[in-house]
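Chemist: This is the structure, below, for whatever I ask next.
The values are calculated or read from the model by the stated rules, or taken from the named source; none is laboratory data. Predicted model, so just to flag it, every value in this text is computed and none were measured. Note that we place each Cβ from the backbone using ideal geometry, even for glycine, and neighbour counts take in every protein chain shown.
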Amino acid sequence: MTTTISPLIAGNWKMNGTRSSLDELAALASLLTTGEAPRAIVVVCPPATMLAAVARHGATAGIQAGGQDCHAESHGAHTGDISAGMLADAGAQYVIVGHSERRADHGETDELVRAKAEAAIGAGLKPIICVGETESQRDSGAAETVVSAQLAASIPDAAEQHEVIVAYEPIWAIGTGRTPTVQEITAMHASIRAQLVARFADRGPSIRILYGGSLKPQNAREILEVENVNGGLVGGASLLARDFYTIISAV
């Protein structure tokens, strides 16, 4: 982990969670406040229906809230969508954009992801911009090329003045229990860092790069020690307070 960047651990609840899930949030808050003080910024990204409650209940333990997606427009006739400003109004400080499930299930392009990131910045949110390759792209040796192209097209120029976070999530590792080797993670994060430095100069070294993709208690410490891994984007393990706390504590 790059020591000059304060690490961030974000939990993506995906399409999981109702009011009963606040019990797990309360358990996480208890662990964070009674155990050793966390050395990472902790973010929970619940479904939009839970966002205000998570922001309110998590604040006492320093847990910050984030959205899982936002629309590129600030308002308008977009039934069922939610704007970045609405997320901020509900208490969000972060928002995930370009998650591979959004790209696959909703056909989101790099250009749309970039527009959503710009909308997030405009609303005062910090976008977590996701990039990652498929299994076939990895197997063909095109992983770094694919991710570099996504980075170039998905990150807005505004990242030079505003905080953005990059999340590398190898698509073939999400929810499968499979993870890349430490060497593969090291190489990809080094490639991402080099591209950020080349594009954003002095700003590039300070942009957080999270790892996502079957990050769990059993492998968190090893992965979070990798150079240029500045935290994690956690899926299923973030739904259980004890598992999520273990990952947070691995920083």
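Chemist: Give me a count of the residues in the range 31-55 that are without any contact (Cβ under 8 Å) to a residue 60 or more places away in the chain and part of a helix (DSSP H, G or I).
Modeler: 10
Chemist: To continue, here is another question. Looking for whichever is more than 19 Å from the chain's Cα centre (by Cα) and buried (at least 21 other Cβ atoms within 10 Å of the Cβ) here; the options are 51, 25, 32. Which one fits?
Modeler: 32
Chemist: Give 58, 85 a once-over and let me know the one that is modelled with pLDDT of 95 or more, of a type in the set (Gly, Ala, Ser), touching a Ser or Thr at 6+ places or on another chain (Cβ under 9 Å) and not in a loop (DSSP other than H, G, I, E, B). Show your work before the answer.
Modeler: On the way: 58 fails: touching a Ser or Thr at 6+ places or on another chain (Cβ under 9 Å).
Going through 58, 85 in turn, the sole match is 85.
Chemist: In addition: Working only within the range 1-18, note down all residues that are closer than 24 Å to residue 99 by Cβ and either free of Cβ contacts under 8 Å to residues at least 24 places away in the same chain or of a type outside the set (S, T, N, Q) (or both).
Modeler: 1, 5, 7, 8, 9, 10, 11, 13, 14, 15, 17
Chemist: Another question, if that's okay. Are there any helices (runs of 4 or more DSSP H) wholly within the range 111-220 with 1 or more residues that are touching a helix residue (DSSP H, G or I) at 6+ places or on another chain (Cβ under 6 Å) and more than 19 Å from residue 100 (Cα to Cα), and if so which?
Modeler: Working: elements: 135-139, 143-154, 182-200.
Output list reads 182-200.
Chemist: Search the range 225-251 for residues that are in a helix (DSSP H, G or I) and pair each with any residue that is modelled with pLDDT under 95 and among the aliphatic types (A, V, I, L, M) when their beta-carbon atoms are under 8 Å apart and the residues are at least 6 apart or on different chains.
Modeler: Between residues of the range 225-251 that are in a helix (DSSP H, G or I) and residues that are modelled with pLDDT under 95 and among the aliphatic types (A, V, I, L, M), the close pairs are 237/215; 247/215.
Residues checked against (1) within 24 Å of residue 238 (Cα to Cα); (2) free of Cβ contacts under 8 Å to residues at least 12 places away in the same chain:
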residue: 123; (1), (2): no, no
residue: 147; (1), (2): no, no
residue: 174; (1), (2): yes, no
residue: 179; (1), (2): yes, no
residue: 183; (1), (2): no, yes
